[in-house]
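Here the structure is laid out as structure tokens; the discussion comes afterwards.
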Amino acid sequence: YFRVIGRVERSVSRVDENMKKFGYMSYCKKCLTRTTGIHSECMCGENMEVIGPIWMDKTHDRTFCERALEVFDKNGFRNRRELFISTEEIDSPYYYDIHSLSSIIKASSPTINNLMKALRERGFTVSRTRFSDKGLRVVRP
């Protein structure tokens, strides 16, 4: 489970500011293309699904996660995996599941590390995601 700690602020201007951070995402179930905004047809010819409104801004604070990881290491806490991934995770509104991609191209799943290395060699920015053990966040060059 996760414990979420937050602070509630009462401010119309903050609400307005945060409402601008919501948006829509379109995705294709056939080829798994994803794009921000509302699009009806994919480049592969299939109709795109639209989800939203969803949060399109950062999902974590990297500096906070780095400091928390130091505390974890200093005190010998276990279960640091998600926190560690959060320190390196790309700020992108979506991620790709390797098993889903492999299923589409009818191939066996490569190892995550080999796929990340191959993508980086081709100029992509890539990181693991805390949302899925077999998921990657990828930003095209």
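The values are calculated or read from the model by the stated rules, or taken from the named source; none is laboratory data. None of the values given here were measured: they were computed from a predicted structure. Note that each Cβ is placed from the backbone with ideal geometry, even for glycine, and that neighbours are counted across all protein chains shown. Note: areas computed on protein heavy atoms with side chains; ligands, DNA, RNA excluded. Shrake-Rupley method; radii C 1.70, N 1.55, O 1.52, S 1.80 Å.
Quick notes
- Extreme residue, positive dipole direction of the chain, given options T63, M43, G23 (C-beta unit charges): T63
- Qualifying lysines (Cα of each under 16 Å from Cα of K134; at least 8 residues distant if same chain): K117
- Gain on full extension, evaluated as 0.36 nm per residue between N18 and R3 minus their Cα-Cα distance, stands at 3.2 nm.
- The value given for the chain is a Kirkwood hydrodynamic radius of 17.5 Å, derived from the mean inverse Cα-Cα separation.
- Rounded percent of accessible protein surface that carbon and sulfur make up, segment 67-106, 1.4 Å probe: 52 percent
- Placing +1 on the Cβ of every Lys and Arg and -1 on the Cβ of every Asp and Glu, with no other charges, gives segment 69-118 a dipole of roughly 260 debye about its Cα centre.
- Placing +1 on the Cβ of every Lys and Arg and -1 on the Cβ of every Asp and Glu, with no other charges, gives the chain a dipole of roughly 300 debye about its Cα centre.
- Top of R128, R34, R67 by mean-square fluctuation, Gaussian network on the chain, Cα under 10 Å: R67
- Farthest toward positive dipole pole in segment 69-117 [+1 Lys/Arg, -1 Asp/Glu at C-beta], among N75, P93, P110: P110
- Pairwise FRET efficiency - E70 versus D133, Cβ, R0 = 25 Å, nearest 0.05: 0.55
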